[in-house]
1. Where Rh denotes the Kirkwood radius from the mean inverse Cα pair distance, what is Rg over Rh for the chain?
2. Report the gain in length on full extension from Ala264 to Arg129: 0.36 nm times residue separation, minus Cα-Cα distance, nm rounded to one decimal.
3. Kirkwood-based Rg over Rh for the range 76-160 (C-alpha set), two decimals?
4. State in Å² the accessible area per residue of the range 45-199; use a 1.4 Å probe, count heavy atoms of protein chains only, and round to the nearest integer.
5. Nearest 500 deg cm²/dmol is fine: what mean residue ellipticity at 222 nm does the chain get from its DSSP H runs of n ≥ 4 alone, each adding -39,500 (n - 2.57), divided by its residue count?
6. If you filter the range 111-206 for chymotrypsin sites (Phe, Trp or Tyr not before Pro), then keep DSSP loop positions with at most 11 other Cβ within 10 Å, what is left?
7. For Arg228 paired with Leu164, estimate the spin-label separation in nm (one decimal), with each label point 7 Å from Cα along the Cα-to-Cβ line.
8. Compute the Kirkwood hydrodynamic radius of the range 125-259, taking the inverse of the mean of 1/r over all pairs of distinct Cα atoms, and give it in Å to one decimal.
Amino acid sequence: MPPSPPPPTRLQTLLPELGRRTLVMGILNVTPDSFSDGGRFEGVEAARAQAAALTEAGAHILDIGGESTRPGHTPVPAAEEQARVLPVIEAVAPGLSVPISIDTYKASTAEAALKAGATLVNDVWGLQREPDIARVAAEHGAPVIVMHNRETIDGALDIVADMLRFFERSLTIARRAGIPDSDIVLDPGIGFGKTWEQHLEALRRLPEIRALGFPLLVGVSRKSLLGRLHDRDTAPRDRLVGSLAAHVLAGSLGADIVRVHDVAPHVEALRVLDAVMRPTTAAGTVHG
């Protein structure tokens with residue numbers, strides 16, 4: 001008799017299609033100052049409606065954040081961040097068909113959000129700003145998304161070599177806290193702590209990060225680095241085509257999850273990508 005397959009990991013349980021198709025994380029910012037949609041979804045009812053719209057459009061994960069991380073943002077105290085996100089999580093989690101990730105680097109916010117109904121932690125400082133966040137995630141059995149970031153931009157760096165060193169530090173923190181490798185996702189942090197050229201290099205060299213053996217999340221949605229490629233000034237909401245191109249490219253180079261504002265067009269575009277790149281597992285998504 002063949003041995004029984006190992007039980008699914010927590011990450012596999014939350015995201016059963018991970019690795020079988022390119023998943024879409026829908027962004028729900030409940031902040032007044034996010035670069036693209038600040039102030040649009042601050043109230044509970046507005047956030048609830050947007051959560052429903054994102055999931056109906058096909059999002060596989062909902063990422064809820066209460067502090068803008070755009071360049072030049074003003075940090076907010078944990079109490080204020082929690083006052084923004086907790087009522088929204090408590091309102092949407094019971095009826096939601098997909099998992100919620102809490103977008104925070106603060107251990108206290110992560111703990112409160114996980115108690116309120118979130119099930120993953122998405123840390124833009126890779127567990128390094130407040131390492132206690134790793135303990136919080138481990139105690140709740142929550143998978144973590146570990147993003148590369150830098151306090152300063154240094155154009156002389158080999159940015160991928162810097163990422164690999166950064167991720168090694170993050171993985172050490174995660175393992176010491178008791179988070180299994182199977183519950184870790186890496187994010188190269190496109191748009192954070194890099195020059196424009198380094199952002200593009202990070203995308204181009206995604207296979208080197210994927211070689212570490214962890215799922216990858218990439219988020220380029222509406223970011224200013226895309227605006228620089230236009231021949232005119234663009235508002236964030238005008239960067240859909242560039243966002244689609246960047247995320248389809250990322251998926252072809254190894255990204256397993258993309259973090260986006262515009263869910264429906266990404267689901268459609270990634271269905272084409274998966275039909276080509278993952279033909280066996282994506283076959284069930286093809287329609288006449």
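1. 0.94
2. Separation in residues times 0.36 nm, less the Cα-Cα distance, equals 45.2 nm.
3. Ratio value, two decimals: 1.05.
4. Dividing the accessible area of the range 45-199 by its residue count gives 37 Å².
5. After summing the helix terms and dividing by the residues of the chain, the value is -12500 deg cm²/dmol.
6. Hits after loop and neighbour filter: nothing returned.
7. With each label placed 7 Å out from Cα toward Cβ, I get 2.4 nm.
8. Kirkwood radius, the range 125-259: 15.4 Å.
The values are calculated or read from the model by the stated rules, or taken from the named source; none is laboratory data. Since we're looking at a predicted model, the values are computed, not measured. Quick reminder, even Gly has a Cβ in these numbers, built from the backbone with ideal geometry, and neighbours come from all protein chains shown. Areas reflect the complete protein model, heavy atoms only, side chains present, ligands, DNA and RNA absent. Shrake-Rupley method; radii C 1.70, N 1.55, O 1.52, S 1.80 Å.
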